[in-house]
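The values are calculated or read from the model by the stated rules, or taken from the named source; none is laboratory data. Everything numeric here is computed off the predicted structure, so don't read it as measured data. Each accessible area value is taken on the protein alone, full model and side chains, heavy atoms only, with ligands, DNA and RNA left out. Shrake-Rupley method; radii C 1.70, N 1.55, O 1.52, S 1.80 Å.
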Amino acid sequence: MAVPKRKHSNSRTNKRRAHHGLTAKSLTICAKCSTSIPTHVVCPTCGYYMGRVVTPIKDEMEAQS
Ligand SMILES: [Zn+2]
């Protein structure tokens, strides 16, 4: 197996890891129920996306019938 000839410096390791930082997901507010949800995602609370029901939620279905 090939073995590295020299030790990587801390600087070189840190430079590689400069791109490892995480960024927080941006959240938006659901137009129907005002819960904060990720953007471009069906609301898990009310099942609405772009102003219409995409995924009927169980509690809501029972309330309507
Ligand atoms: Zn909602």
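Counting only protein heavy atoms and using a 1.4 Å probe, what share of the accessible area of the chain belongs to carbon plus sulfur, as a whole percent? If you can, show how the numbers build up before the last one.
Numbers: 3450 of 6160 Å².
That share works out to 56 percent.
For the chain, what does the alpha-carbon gyration tensor say about shape, rounded, prolate or oblate, given a ≥ b ≥ c as the root eigenvalues, a/c under 1.5 as rounded, and a/b over b/c as prolate? All intermediate terms of the calculation are to be shown ahead of the outcome.
Details: a/c = 6.13, a/b = 3.53, b/c = 1.74.
Taking the square roots of the gyration eigenvalues as a ≥ b ≥ c, the chain is prolate.
Please list the non-local residues whose amide H lies under 5 Å from the amide H of THR28, H modeled 1.01 Å from N, same-chain partners needing a gap of 5 or more.
Close amide H contacts, sequence-distant or interchain: ILE37, THR39.
Check cross-link reach from LYS32 to the lysines: straight Cα distance under 17 Å, and skip same-chain residues fewer than eight apart.
LYS58
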